[in-house]
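Below is one structure, written out as structure tokens; comments come after it.
The values are calculated or read from the model by the stated rules, or taken from the named source; none is laboratory data. All figures in this text were calculated on a predicted structure; none of them were measured in a lab. Positions of Cβ are generated from backbone atoms using ideal geometry, with glycine treated the same way; all protein chains shown enter the neighbour counts. To get the accessible areas, we keep the full protein, side chains included, count just its heavy atoms, and leave off ligands, DNA and RNA. Shrake-Rupley method; radii C 1.70, N 1.55, O 1.52, S 1.80 Å.
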Amino acid sequence: GAVVSQHPSRVICKSGTSVKIECRSLDFQATTMFWYRQFPKQSLMLMATSNEGSKATYEQGVEKDKFLINHASLTLSTLTVTSAHPEDSSFYICSAIPLTGWANYGYTFGSGTRLTVV
Amino acid sequence: GQQVMQIPQYQHVQEGEDFTTYCNSSTTLSNIQWYKQRPGGHPVFLIQLVKSGEVKKQKRLTFQFGEAKKNSSLHITATQTTDVGTYFCARGGETSGSRLTFGEGTQLTVNP
């Protein structure tokens, strides 16, 4: 089945620093990856759609200069939280879909990154 | 926006009891997907429904898509402790690269 690897799983950083999160599709190619944010006991909120070789599409209210997304290859997308602040602390999850067979496998999610900004 | 409303938000059951979560939309859905997220984990795809009135079963789980394609349900028969988690419905788009919009989720706890 489709596997998405996300690193790191947990990160603690100081306020004002930047954090990079990687999302890799291990056994399939993904032209599109998605980045979500999830607060405790809440649903997943889509932040942006990452498209290989082009600029990401951000959801309304998401600061593109703060959450930098790069999708340099068909298997890798990165999310960089720049100048992180405590309110950025959250669970960040990426997802990807294979080019074919998505109806059977759905959207595959990474294991998530729990970011704590102190 | 094109939201999907999901109820209930929480459900506590005794092991062996049945459980149902409902998902509703004010607009017609192209498809509906269901995911399960265990505590501390990530969403895992369960199923996708596409056809009006569609019913699909996975062991003790039964998924339904309404005739008008505006609602869906997930029913678990005889819950087990392994069923604990949050169940999300998500509306998909027209194409394979479309975004998913998640419902609020139903958090299920099962008392042994």
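Structure notes:
- B:Phe63 falls short of the stated requirement of being open to solvent by less than 20 Å² (accessible area, probe 1.4 Å) and facing chain A (nearest Cβ under 9 Å).
- Taken as a whole, segment A:68-84 holds no residue that is within 11 Å of another protein chain (Cβ to nearest Cβ) and at positive phi.
- One residue stands out among those in segment A:4-37 that are open to solvent by 10 Å² or more (accessible area, probe 1.4 Å) and closer than 10 Å to A:Pro98 by Cα: the one that is nearest to the other protein chains (Cβ to nearest Cβ), which is A:Thr32.
- Screening B:Gln80 on (1) more than 12 Å from chain A (Cβ to nearest Cβ); (2) open to solvent by 50 Å² or more (accessible area, probe 1.4 Å); (3) over 30 Å from A:Arg114 (Cβ atoms) shows it passes everything except condition (3).
- Any chance A:Ser50 is closer than 18 Å to B:Gly93 by Cβ, out of contact with any helix residue (DSSP H, G or I) (no Cβ under 8 Å at 6 or more places or on another chain) and facing chain B (nearest Cβ under 10 Å): no
- B:Ser25 more than 10 Å from chain A (Cβ to nearest Cβ) and out of contact with any strand residue (DSSP E or B) (no Cβ under 7 Å at 6 or more places or on another chain): no
- Of the residues making up segment B:83-99, those that are surrounded by 22 or more Cβ atoms within 10 Å (Cβ to Cβ) and either aliphatic (A, V, I, L, M) or farther than 18 Å from B:Ser26 by Cβ (or both) are B:Thr86, B:Tyr87, B:Phe88, B:Ala90.
- Looking only at segment B:18-45, and only at residues there that are over 12 Å from the mean Cα position of the chain (by Cα) and open to solvent by 90 Å² or more (accessible area, probe 1.4 Å), the one that is farthest from A:Ile97 (Cα to Cα): B:Ser26
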